[in-house]
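The values are calculated or read from the model by the stated rules, or taken from the named source; none is laboratory data. Everything quoted here is computed from the prediction, not taken from an experiment. Cβ placement follows ideal geometry from the backbone for every residue including glycine, while neighbour counts extend to all protein chains displayed. The accessibility values were calculated without ligands, DNA or RNA, using every heavy atom of the protein model including side chains. Shrake-Rupley method; radii C 1.70, N 1.55, O 1.52, S 1.80 Å.
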Amino acid sequence: MTTQIAELHIRRGEPGDAPREQVFNVPFEPGQSVLDALRWIRVHADPDLAFRFSCINANACKECMMQIDGKVGYACTARLVAGPMQVAPLANKALVRDLVTEIAPPEERLFR
Amino acid sequence: MRGLEGRPARDAGRCNVPFDDAASLRAKLDVPSASVQETGLLSAVPACRCPPCAAKSGKSRVMNELDCDVLVIGAGGAGMYAALSAARAGARVLLVDRGLIGRAGATVMAQMTVAVALGEECPDTPEAHLNDTLAAGRGLCDPALARLLVEDGPARIREMDAWKVGWARAEDGSHIRQAHAPGHDRPRCVYVDFLNTGPAVSRTLRTQLNPVSAVRRIGDIVITDIATHAGRATGAVGFELGSGAAVSLRAGATIIATGGLTRLYARNSASANMGGDGYALALRAGAELLDMEFVQFFPIGHLAPRLIGMDPIMWDPFRYKLGGRLLNRDGDEFSERYGREASGRYNLTRDVATYAIFKEVEAGRGSPAGGAFLSFTHVPEAELRRNFGPVIDRLAKNGIDLTRQAVEVAPIAHYHMGGVAVGPDMATRVPGLYACGEAVGGANGANRLSGNAITEALVFGEVAGRHAAAHARAQGALRVAGDAPSLSLVTGAATLCRPEGAGSRSGLASLMTRLQALMAEKVGPFRTHDKLAAALAELAAMQAELGEAPPPAAGGYDMARLDWYDLRNMLLVARCVAEAAIARKESRGAHQREDLPGMLPEWEANQVIEWRDDGLRLKRRAALQQREAA
């Protein structure tokens, strides 16, 4: 298979920061997911990039919910495409850092 | 029942005051200063006065202390059941997980079946289930734990049925369906269609937990150590991932329900948080680990083409229902040469199937991606659809048409037979410390019978919760804050700033992938002395690379800091697996030594690991199953 390049425009930052966008060029094989790319970035480019995930591939944990090209979806089931892709945290949840938002029910948080 | 809110004096979790003002903090918390001094925890939290910290909320700079009767670490199937069970016994329970409650762990991932002697499909007895469990365990099962699993299993599974989990039923609704899985002498395995067993079990347990006010559930809590005082477990310490805030959880009894260690391996079938942390927590607290060399590989994990939105163990139910053909590059059904599998039937146990696929690949007869082909092309499309309806559509979205093509499969780390050594009450040798679920070793010996994992999670969770609640009650209301090896690390790191240039953050994520590759290559299902010795040397080098202290604090959701604590546990547990594997000089069940083929009678023994004098100590004792028989 031929390796392609996804150009991920990722919104970064903590609450209160001015949101900034960072671009990562990620090599991939067709069929790979956005979560694959985020994990690749942590190993190869920026270990500080924050995102939630647990089950990796099964779409069972539902933790990797974020905005991908403006639509809410799961990073583990969204496929990478060659060229630019926009990745941002959920807009309707409190931001924790980068792509991580507060998605647990309030009664299941330490600070509620 | 009393809720946790009943004790505002100790329930500092919602406190949001900066540490700088310790006196006002004590006043707001209404904590007697003697009690604060007794713990010494609050004064251990440094107050960072740099501008970024000063500008932000102070919640991460206070040591958050919570008090409960029973602390349950891990909110998968076993942990959720343990919390329910402890609450039923009258305990105030704190259920914590490093991810979201009921979402992380292995149970929610399980797409397969649950073994239990219900006798719905044909007559069955716990005794028959026990015989199959002991046979699969190759002489190493702890018979008391195995017996508990098979005898309490039916009650737990019927209870789940009453709670409307939705076990698949015969078309006329007359009885619960039970599939005939490999290693069982008769149809014994219940399931929820379609490939929905684990999610249904998790959802059902969550529904049961939600209205129980005696259980406080908190996600994003990373436990770094069990706290101990005078040889007893007194709770745990760690941090809240979202804020980086240090937490101290005081408990009359503590239950480890953190699952297994499959994350140690490059290819695995469980979630990213199954890094063996519970084994490391137990070991450092003074408990023993048992049978650590026995890592079960699931033989037919999905390998290619790339499949997303589905777990790689999904092919097992296909084989239960439809058989399927396991083929090598040349189209031969090679498993007949290694075991007794007849064409199109699925009766090959996991260890034999794993061995067969590895040997075919080694002989150059593997599939292009390095595994075997699994083919259902001989099964009519209507038959596929009747059995797996919506799954066939999900496969189509991935470009896979089973009527036209075979998929590629390969062995994948799936389950750990070994774990924390406990008695039939799930108590470790450390008073106040319990374990349940996959975190426990012994019930499954050298190889787990398929379908026993969820049964084990529910049964052992019930027992652990009940006994932990009784232990906490016997301790009385006064909780002692113990000490923990990582206390100064978690409190020392509880600032909000990201200091520049102090320590390395950058190598940790790649160290993790190197560890996973090393374990897959040298401590996988087929081992030699030389490979294991090389692995141990490499693990020591990785330990030196990790260092003694976490990277500088970086506030909320600091993934590099999380990697450091994960690696601290994973490297310790990897050493346990490799040390036990190099010491076991034979092949048995999931532990196959290519340089030492064959089972030896003198190795009908369990290996036990403890942490003593700053080192791992490995000892060998005759297997309980053999001692009972003698």
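Things to note:
- The residues packed around residue B:138, meaning those with a beta-carbon under 15 Å from its beta-carbon, carry a net charge of -3 if Lys and Arg are +1 and Asp and Glu are -1.
- Segment B:559-593 and segment A:84-112 have Cα centres spaced 34 Å apart.
- Cα centroid separation - segment A:22-54 against segment B:237-306, whole Å: 23
- Cα centre as origin, Lys/Arg/Asp/Glu Cβ charges: chain B dipole, Debye: 1040
- In a fully extended conformation the segment linking residue B:480 and residue B:144 would gain 117.7 nm over its present Cα-Cα distance, using 0.36 nm per residue.
- When accessible surface is computed with a 1.4 Å probe, chains B and A are found to bury approximately 3700 Å² between them, both chains counted.
- Pairwise label distance in nanometres, residue B:125 with residue B:194, each label 7 Å out on the Cα-Cβ vector: 3.9
- Straightening the chain between residue B:517 and residue B:172 buys 119.3 nm, computed as 0.36 nm per residue apart minus the Cα-Cα spacing.
- Between 0 and 90°, nearest 10: helix B:350-362 axis offset from chain B longest Cα axis: 70
- Within 10 Å of the Cβ of each residue in A:26-34, the mean number of Cβ atoms contributed by other protein chains is 2.
- Furthest towards positive pole of dipole, A:88, A:65, A:47, structure part segment A:6-112, Cβ charges: A:65
- Helix B:559-583 axis, angle to chain B major axis (alpha carbon atoms, nearest 10°): 50
- Inter-label distance for residue B:186 and residue A:92, nm, one decimal - labels placed 7 Å from Cα along Cα-to-Cβ: 5.2
- The protein assembly as shown - mean residue ellipticity at 222 nm from DSSP helices (-39,500 (n - 2.57) per run, n ≥ 4, rounded to 500): -10000 deg cm²/dmol
- Interface burial in segment B:544-558 reaches 20 Å² or more for B:556, B:557, comparing the full protein assembly with the chain by itself; accessible area from heavy atoms with a 1.4 Å probe.
- Packing around the peptides B:234-247, B:416-429, B:505-518, taken as the average count of other Cβ atoms within 10 Å per residue, puts them in this order, highest first: B:234-247, B:416-429, B:505-518.
- Taking 0.36 nm per residue of separation and subtracting the current Cα-Cα distance, fully stretching the chain between residue B:333 and residue B:614 would add 96.1 nm.
- When each of the peptides B:528-536, B:257-265, B:595-603 is scored by how many other beta carbons lie within 10 Å of its residues on average, the order from highest to lowest is B:257-265, B:528-536, B:595-603.
- Cα centroid of segment B:399-427 to Cα centroid of segment B:108-160, whole Å: 17
- Taking Cα atoms only, the orientation of helix A:34-44 departs from the longest principal axis of chain A by about 90 degrees.
- Residue A:3/residue B:405 FRET efficiency (R0 25 Å; Cβ-Cβ; nearest 0.05): 0.60
- Shielding by partners - mean other protein chain Cβ count within 10 Å, residues of A:95-107: 4
- In chain B, the DSSP beta bridges split such that about 65 percent are antiparallel, to the nearest 5.
- Partner chain coverage, peptide A:36-44 - average Cβ within 10 angstrom: 3
- Out-of-range pairs (alpha-carbon distance over 20 Å; input B:359/B:522; A:93/B:164; A:62/B:321; A:62/A:93): A:93/B:164; A:62/B:321
- Against the criterion of solvent-accessible heavy-atom surface with a 1.4 angstrom probe, B:129, B:229, B:471 sort, most first, into B:229, B:471, B:129.
- Pair residue A:45, residue B:544: separation of 7 Å Cα→Cβ label points (nm): 3.3
- Cα-based radius of gyration for chain B, normalised by 2.2 N^0.38 Å, reads 0.96.
- Cross-link partners of residue B:585 among aspartates and glutamates (Cα-Cα below 17 Å; sequence separation of 8 or more within a chain): B:291, B:293, B:530, B:594, B:595, B:602, B:604
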